[in-house]
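Notes follow the structure.
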Amino acid sequence: MPSVTDRYNPLDAQILNDPYPVLAELRASEPVFWHQAMDSWALTRYADCVRVLRDHDTFARDPRRTGGTVPEPSLSVQTLDPPQQSRVRSLFMAALRAQDLGLVEGRARHLLRGRLDALAGAGPFDVVSQIAVPLSVAVVADLLGVEPPPYAEFAAVSDAIMRSMDGGLDPSLVEPGRIARQRLSDLVDSWFTASSRPGLLARVRAAEPGVDALARLCVKNTARVMFQGGYSTMAAAVGNAVAVLLARPAALERMRDAALLATGVDELVRFDGPVQGTTRVAVRPCRIGAVEVAAGQKVVALFAAANRDPDAFQGADQLVLDRSPNRHLGYGWGPHSCIGTTVAQAGLRALVTALAAHPARLVAAGEGVRRRTATMRAYQTLPALLRL
């Protein structure tokens, strides 16, 4: 019988196409298993994943808590654990709450209407490059209050960063990711010195003099993480959502009902979410299910498996547009979840609203190609057309 590592290779073409059957088998037979290639324990049950994400005392995100190091460019709210991250995270969350997301969503719908009008009746197009990338760059730039970088150029930088997240599986991805992060850091530095547009970044900059030098470094790094993470998460979520709707045209029709919009968008993310998992390190020995985890061992919470756990979601393999509550892990959970979750949801609502209201009908124009990334589930290309 093949080993678990052979059965679940996140970069295998079959797994990239549809990881859910294998994850369901593992959840039933070996819910906590050792994955040799990832050098970690992998969790497939929702309850286990949430426990690890909640218990910061036992499971560390910050490598320094278990003897590791963090290079300065990586010090951000995504690497620091509570309470060390609390000040900077609170700064960003307060600035986020001060933004008018209704206006951001409205401008996103306007952008989408123009794009859909241009694409309608013009033959096949790529959902990723023609809709997901421009929408995500524009929405995140709008939220931050910065000039959007060129779409294709930024997509290439983001792609290198996103691929480097799988450096444990393919070490050749690490150096291109480091170079891409530096390019993005330079861009963020220019925003802090030159940008005067209103938005989240202006609010953060106004509060920045009240923090020390290390916190200021974390602020800039967090701005970079928010732009890159918000963009890549939204672009992936848009591609996945459109693919689900292409396969289920009745779902898009039903979501014309405003009462189903919010719950429906949430369900699209649960059903085929962008973020596939996250890693923690055990600070001390502990037990997860039937497994004894040693201090210093890594633990990967597999969100893709948790979001289809029938013990947490009734009809877990079905798209239930009115599912409520829906405490999925599509964007992570807790203080290390994607800071841009609310704006990603706003972008998805704008997308679904624009597609449902447009007179042209969205249909598939061929098979999509999945991006060869394990941490983020996304499409490389997704052909479609808008039929008048």
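If I go through the range 66-105 residue by residue, how many of them are over 22 Å from the mean Cα position of the chain (by Cα) and of a type in the set (Gly, Ala, Ser)? So the answer is 3.
Within the range 279-299, is there a residue that is surrounded by 22 or more Cβ atoms within 10 Å (Cβ to Cβ), touching a Leu at 6+ places or on another chain (Cβ under 7 Å) and closer than 15 Å to ARG51 by Cα? Within the range 279-299, one or more residues are surrounded by 22 or more Cβ atoms within 10 Å (Cβ to Cβ), touching a Leu at 6+ places or on another chain (Cβ under 7 Å) and closer than 15 Å to ARG51 by Cα. Quick one: ASP311 ticks every box in (1) surrounded by fewer than 21 Cβ atoms within 10 Å (Cβ to Cβ); (2) at pLDDT below 95 bar one, so which box is it? Every condition holds for ASP311 apart from (2). Is it true that PRO63 is under 17 Å from LEU329 (Cβ atoms) and more than 20 Å from the chain's Cα centre (by Cα)? Judged against the criteria, PRO63 is not a match.
Criterion applied to LEU43, LEU80, LEU75, LEU11 was being of a type in the set (A, V, I, L, M), touching a helix residue (DSSP H, G or I) at 6+ places or on another chain (Cβ under 8 Å), within 20 Å of GLY273 (Cβ to Cβ) and in contact (Cβ under 8 Å) with a residue 60 or more places away in the chain, and the one residue passing it is LEU43. Against the test of being surrounded by fewer than 22 Cβ atoms within 10 Å (Cβ to Cβ) and either under 30 Å from ALA95 (Cβ atoms) or among the small types (Gly, Ala, Ser) (or both), the options LEU260, LEU217 yield a single qualifying residue, LEU217. Looking at the range 87-108, can you tell me whether even one residue there is surrounded by fewer than 19 Cβ atoms within 10 Å (Cβ to Cβ), modelled with pLDDT of 95 or more and of a type in the set (D, E, K, R)? Within the range 87-108, one or more residues are surrounded by fewer than 19 Cβ atoms within 10 Å (Cβ to Cβ), modelled with pLDDT of 95 or more and of a type in the set (D, E, K, R).
The number of residues in the range 14-40 that are of a type in the set (A, V, I, L, M, F, W, C), under 23 Å from ASN240 (Cα atoms) and out of contact with any helix residue (DSSP H, G or I) (no Cβ under 9 Å at 6 or more places or on another chain) comes to 1.
Within the range 304-333, residues that are β-branched (Val, Ile, Thr) have Cβ atoms under 7 Å from residues that are outside any loop (DSSP other than H, G, I, E, B) and surrounded by 17 or more Cβ atoms within 10 Å (Cβ to Cβ) in these pairs: VAL320/GLU267, counting only partners at least 6 apart in sequence or on another chain. The range 72-190 holds helices (runs of 4 or more DSSP H) entirely within its bounds, and those carrying 3 or more residues that are within 19 Å of ALA241 (Cβ to Cβ) and not hydroxyl-bearing (Ser, Thr, Tyr) map to 101-119, 133-144.
Of all residues in the range 343-379, those that are in a strand (DSSP E or B) and either under 20 Å from GLU253 (Cα atoms) or modelled with pLDDT of 95 or more (or both) total 7. Anything in the range 279-326 that is closer than 19 Å to THR263 by Cα and charged (D, E, K, R)? List them, or say none. Of everything in the range 279-326, those that are closer than 19 Å to THR263 by Cα and charged (D, E, K, R) turn out to be ARG308, ASP309, ASP317, ASP322, ARG323.
Checked across the range 29-41, the condition of being of a type in the set (Ser, Thr, Tyr) and assigned to a helix (DSSP H, G or I) holds for at least one residue. Restricting attention to the range 15-29, the residues that are in contact (Cβ under 8 Å) with a residue 40 or more places away in the chain and surrounded by fewer than 12 Cβ atoms within 10 Å (Cβ to Cβ) add up to 1. All conditions but one from (1) out of contact with any helix residue (DSSP H, G or I) (no Cβ under 9 Å at 6 or more places or on another chain); (2) over 21 Å from GLY334 (Cα atoms); (3) free of Cβ contacts under 8 Å to residues at least 12 places away in the same chain apply to THR69; the one that does not is (1).
Checking each residue in the range 155-194 for being farther than 24 Å from LEU11 by Cα and either surrounded by 21 or more Cβ atoms within 10 Å (Cβ to Cβ) or over 20 Å from the mean Cα position of the chain (by Cα) (or both) picks out GLN182, ARG183, LEU184, ASP186, LEU187, VAL188, ASP189, SER190, TRP191, PHE192, THR193, ALA194. Examine the range 51-58 for a residue that is surrounded by 15 or more Cβ atoms within 10 Å (Cβ to Cβ), in contact with a His (Cβ under 8 Å, 6 or more places away or on another chain) and not in a strand (DSSP E or B), and state whether such a residue exists. Yes: one or more hits.
For the residues GLU253, GLU292, the requirement of being among the acidic types (Asp, Glu) and part of a helix (DSSP H, G or I) singles out GLU253.
Among the residues making up the range 133-154, those that are free of Cβ contacts under 8 Å to residues at least 40 places away in the same chain and either out of contact with any Asp or Glu (no Cβ under 9 Å at 6 or more places or on another chain) or among the β-branched types (Val, Ile, Thr) (or both) are PRO134, ALA138, PRO149, PRO150, TYR151, ALA152, GLU153.
Among the residues of the range 363-370, at least one is in contact with a helix residue (DSSP H, G or I) (Cβ under 6 Å, 6 or more places away or on another chain), touching a residue at least 12 places away in the same chain (Cβ under 8 Å) and over 26 Å from ILE161 (Cβ atoms).
The combined condition, being under 21 Å from the mean Cα position of the chain (by Cα), within 18 Å of LEU268 (Cβ to Cβ) and among the charged types (D, E, K, R), is not fulfilled by ARG372.
The values are calculated or read from the model by the stated rules, or taken from the named source; none is laboratory data. The structure displayed is predicted, hence computed values, not measured ones. Using ideal geometry, Cβ is built from the backbone for each residue, glycine included, and neighbour counts are taken over all protein chains shown.
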